[in-house]
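The values are calculated or read from the model by the stated rules, or taken from the named source; none is laboratory data. Bear in mind the structure is a predicted one, so any value in this text is a computation, not a measurement. With ideal geometry, Cβ positions are generated from the backbone for all residues, glycine too; neighbour counts draw on all protein chains shown.
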Amino acid sequence: MPIRPRIDEATAAHNLREIDPPFSPQEAVTEANRCLYCFDAPCIHACPTGIDVPSFIRKIATGQTTGAARTILRANVLGASCARVCPTAELCEGACVMVDREADPIAIGRLQRYATDHVFANDIAVLARGREATGKRVAVVGAGPAGLSCAAELAQLGHEVTVFERKPEAGGLNTYGIAYYKMKPRVSLDEVEMVRGLGVEIRTGVSVGVDVSPELLRDEFDAVFLGVGLGSTRRLGIPGEDLPEVVEALTFIEAIRTRPLGDVAVGERVVVIGCGNTAIDAVTQAKRLGAREATIVYRRGESDMPAYDFEYEIGRIDGAGFVFDAAPIAILDDGTGHVTGIRIVRTRLTAAGTLEFVEGSESVLACDMVIPALGQTKPGEGLRGPWPSLELDERGAIRREFETGRTSVEGLWAGGDAANGGAEVVDAVAEGKRAARDIHRALTNEAAPNLPQSSRSGVPTSPAEAGLAHPVRVSRLEAAWRQRGDVGESETPLGPWPAKRNGGPNHG
């Protein structure tokens, strides 16, 4: 049977309400006063955009909420989104020295949300276009996090910027692809309007290579930044995947974010293929929209899933089922073209470390909706048409300099998922910002002014660019520390080994 909406608008809105409510003013000030305001704080180094975390928290503690938001948004123009969707225990909160004191880290993400929500709710402008126009024009392809960040930084440096976006709305995955209970679309759209307020022209519904030629970009602009994101969802490659009740995870999530919640169709029994963070978003929202059963099928074991631990816990709390060490081999129908189940087979690792099917282990899971969540393809060869000399790496992502975003094509910069292969929103923001600063240098022969990090005043080097230039990833630092072999299992470079550091609440 065709899938259909299962609950009314009010119930759906209640079920999909945000996991973490915003701080009240009293809660924010109380939490801010827990901060030690460290000198050269690790949390700054762990923020890919280099937000001066102690400075903005101190401002909240002293009632300067607008100033706190200015500190955040000058470093990260999408600070309101990142406050909700960053995996903070991997980043700023994971590096918080309070963890060394066997205490909870400062709730940096929720404090960041408190400050940025204040300026958006009260329509307070904290950023401004550059006072002196450079006379240079820059085209940005893609209005996702990387493109918006690049455009905003360039506009503040005095350049004329035009953004081309193929979707009806700007914002990229922040607008279309984040779980509704993590962030409402309005947050992303408010950030888009803030970027427009800097004088950036954003042309939506325009596809470069179809509506606008690459030749036009080369002829009419002094530089081009590519922030096109990733490609389509990978296909299952099994019989039945084209049945109407097989809906890609990002398509399902986009429907939730663009339609009235009471109009979103979902199956009674849903199977999600994959176990990354997007798969968890899909299975959780299917349950919250009225699915009686929602089950994840993953070809590897529980310890191998790419989803953060806290995401996995959200799925479990919501009643999702998990079938590990199993792979789909066919989607079944009722003879009239509608899904009735999915045939799976058990998997196991061989001595060589590859997966193989276990003979005689096939079974069928009854379902009326299948949601593949296998990740997205890299833009790869599709970009070679417009830019034949563009170099790609072995993954099919754009090859570029990490520090500058420069590609193999003169006058072309790149950043975000199309270049890094798929990372966090905050990583895309940082890449767009770094590229903008290098574009400015290339067009004016002048370095962009550094954003001072006042809480680091007195460091031997310049008190700026920490985090942005060399971001620290807590889990990678800890893994490297453990490999040294001269430290105990309970020790890390940040202090005692915590019980769990995978992911953390989705805010920060």
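Here are the numbers for this structure:
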item: Unique residue being at positive phi and either among the aromatic types (F, W, Y) or not assigned by TED's automatic domain parsing to the domain that holds G274 (or both) when the list is G237, G227; result: G237
item: Verdict on R316 being free of Cβ contacts under 8 Å to residues at least 40 places away in the same chain, more than 16 Å from R4 (Cβ to Cβ), surrounded by fewer than 18 Cβ atoms within 10 Å (Cβ to Cβ) and assigned by TED's automatic domain parsing to the domain that holds V364; result: yes
item: Matching residues, the stretch 193-215, being farther than 19 Å from P379 by Cα and either within 22 Å of the chain's Cα centre (by Cα) or surrounded by 17 or more Cβ atoms within 10 Å (Cβ to Cβ) (or both); result: E193, M194, V195, R196, L198, G199, V200, I202, T204
item: Hits in the stretch 19-33 - residues which are touching a Leu at 6+ places or on another chain (Cβ under 9 Å) and either free of Cβ contacts under 8 Å to residues at least 40 places away in the same chain or under 8 Å from Y114 (Cβ atoms) (or both); result: F23, A28
item: Condition met for G353 (more than 31 Å from the chain's Cα centre (by Cα) and at positive phi); result: no
item: Exclusive hit being touching a residue at least 12 places away in the same chain (Cβ under 8 Å), among the hydrophobic types (A, V, I, L, M, F, W, C), over 14 Å from L148 (Cα atoms) and assigned to a helix (DSSP H, G or I), set A436, A430, A442; result: A442
item: Close pairs from the stretch 459-485: first assigned by TED's automatic domain parsing to the domain that holds G50, partner at pLDDT below 75 and of a type in the set (S, T, N, Q), Cβ under 6 Å, at least 6 apart; result: E478/T492; W481/T492
item: Matching strands (runs of 3 or more DSSP E) fully within the stretch 296-405 where at least 1 residues are closer than 27 Å to A265 by Cα, modelled with pLDDT of 95 or more and touching a Lys or Arg at 6+ places or on another chain (Cβ under 8 Å); result: 321-323, 326-333, 363-366, 369-372
item: Selected residue (only one of V206, V195 is in contact with a helix residue (DSSP H, G or I) (Cβ under 9 Å, 6 or more places away or on another chain), among the hydrophobic types (A, V, I, L, M, F, W, C) and either part of a helix (DSSP H, G or I) or modelled with pLDDT of 95 or more (or both)); result: V195
item: Tally, over the stretch 440-472, of residues that are under 17 Å from C43 (Cα atoms) and among the β-branched types (V, I, T); result: 2
item: The listed residue being in contact with a helix residue (DSSP H, G or I) (Cβ under 8 Å, 6 or more places away or on another chain) and more than 30 Å from I331 (Cα to Cα), out of A442, A373, A414; result: A414
item: Which listed residue, of R437, R441, R400, is touching a strand residue (DSSP E or B) at 6+ places or on another chain (Cβ under 6 Å), over 30 Å from I342 (Cα atoms) and among the charged types (D, E, K, R); result: R400
item: Residue within the stretch 57-65 that is surrounded by 20 or more Cβ atoms within 10 Å (Cβ to Cβ), assigned by TED's automatic domain parsing to the domain that holds I106, touching a residue at least 24 places away in the same chain (Cβ under 8 Å) and of a type in the set (G, A, S) present; result: no
item: Residue in the stretch 106-123 that is part of a helix (DSSP H, G or I), in the same structural domain as G422 (by TED's automatic domain parsing) and buried (at least 24 other Cβ atoms within 10 Å of the Cβ) present; result: no
item: Selected residue (criterion: farthest from N76 (Cα to Cα)) from residues of the stretch 389-434 that are over 13 Å from the mean Cα position of the chain (by Cα) and among the polar types (S, T, N, Q); result: S389
item: Single residue of the stretch 216-225 satisfying the filter (part of a helix (DSSP H, G or I) and touching a residue at least 24 places away in the same chain (Cβ under 8 Å)) that is surrounded by the fewest Cβ atoms within 10 Å (Cβ to Cβ); result: E220
item: Flag for P493 being at pLDDT 80 or above, farther than 30 Å from I19 by Cα and surrounded by fewer than 16 Cβ atoms within 10 Å (Cβ to Cβ); result: no
item: Which numbered condition A170 misses (of (1) outside the structural domain of G197 (by TED's automatic domain parsing); (2) touching a residue at least 12 places away in the same chain (Cβ under 8 Å)); result: (1)
item: Subset tally (residues that are buried (at least 18 other Cβ atoms within 10 Å of the Cβ), farther than 21 Å from C275 by Cβ and in contact (Cβ under 8 Å) with a residue 60 or more places away in the chain) for the stretch 372-390; result: 4
item: Unique match (being assigned to a loop (DSSP other than H, G, I, E, B) and at pLDDT 90 or above) among P460, P449; result: P449
